[in-house]
1. Take Val210 and tell me if it is closer than 28 Å to Ala92 by Cα, crowded, with 18+ Cβ neighbours inside 10 Å and not small (Gly, Ala, Ser).
2. So which residues in the range 138-185 are touching a residue at least 40 places away in the same chain (Cβ under 8 Å), touching a helix residue (DSSP H, G or I) at 6+ places or on another chain (Cβ under 6 Å) and under 22 Å from Pro204 (Cα atoms), if there are any at all?
3. In the range 47-86, which residues are over 14 Å from the mean Cα position of the chain (by Cα) and among the charged types (D, E, K, R)?
4. Considering the range 16-57 alone, what residues qualify as being closer than 18 Å to His110 by Cα and modelled with pLDDT under 95?
5. Return the residues of the range 189-211 that are in contact with a helix residue (DSSP H, G or I) (Cβ under 7 Å, 6 or more places away or on another chain) and either in contact (Cβ under 8 Å) with a residue 60 or more places away in the chain or of a type in the set (S, T, N, Q) (or both); say none if nothing qualifies.
6. Can you tell me how many residues within the range 2-51 are surrounded by fewer than 17 Cβ atoms within 10 Å (Cβ to Cβ) and at positive phi?
7. Identify the residue in the range 119-147 that is of a type in the set (D, E, K, R) and at pLDDT 95 or above and, among all such residues, is surrounded by the fewest Cβ atoms within 10 Å (Cβ to Cβ).
8. Return a yes/no flag: does the range 162-171 have any residue that is under 26 Å from Phe18 (Cα atoms) and buried (at least 19 other Cβ atoms within 10 Å of the Cβ).
Amino acid sequence: MTASREQHRVWEAIAHSFDRSRTKRWGHVEAFLQGLAPGSRVLDLMAGNGRHTASILEQGHLATWSDWSRPAAGIAAKRYPAADVVVADATALPFAPGAFDAAILVAGLHSIPTAEGRAMCLQGLHNLLVPGGQAQVTVWSRDAPRFRSQGTPGLPIDVDLPWKSHGHDESRHYHLYTPQALRSELKAVGFAGVELSQVAIVAPEADNLVATVRRP
């Protein structure tokens, strides 16, 4: 089984467990959505249980939820009937060029297990935006306190993290970014105006990187 197929299996297996443990919305995502023009067409890519899809709808935008997990799609379709729900692999997105005014990719890119797959995801994200469209991409930082001593300082690392909630025993593969690596990958697919920041989500210190970009 390829790495991607194995991770697909993992994320489908833990979808309901993940839903029970991921309810908090992230402030920087809410702020990004608030800055969009009213009624924007917004894609929530690698959306999981859709907690930020709810934010898109509540702020008056048109929401599309997309993820490769079929169980998660069932959760989203029941919980957010006003959103379009599209099951799709983020490395082979089915959307037409310019289909969206904006997109969010929250804590998903780093779970694509190959460099080629991550590049394909970002290229697809770029292509589905209208010219001038914005996206916000959030990834785990390799300098988060729990990972700081691992690997080679200053370089991205790949880690396998267990998921043992609700009777599961699975392994999630994550690629953890440096700011330089994230900026480079975004620019490589054509994004402009790359603005990077760091936020603390779980740890008291910054543990996630946030990139805001636009399609020229």
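The values are calculated or read from the model by the stated rules, or taken from the named source; none is laboratory data. From a predicted model like this one, the values you see are computed outputs, not experimental measurements. Using ideal geometry, Cβ is built from the backbone for each residue, glycine included, and neighbour counts are taken over all protein chains shown.
1. yes
2. Correct list: Val139, Trp140, Tyr174, His175.
3. If the condition is that a residue be over 14 Å from the mean Cα position of the chain (by Cα) and among the charged types (D, E, K, R), then Glu58, Arg70, Lys78, Arg79, Asp84 are the ones that fit.
4. If the condition is that a residue be closer than 18 Å to His110 by Cα and modelled with pLDDT under 95, then Phe18, Arg22 are the ones that fit.
5. Val189, Gly190, Phe191, Val199, Leu209, Val210, Ala211
6. Final tally of qualifying residues: 1.
7. Ranking the candidates gives Asp143 first.
8. There is no residue in the range 162-171 that is under 26 Å from Phe18 (Cα atoms) and buried (at least 19 other Cβ atoms within 10 Å of the Cβ).
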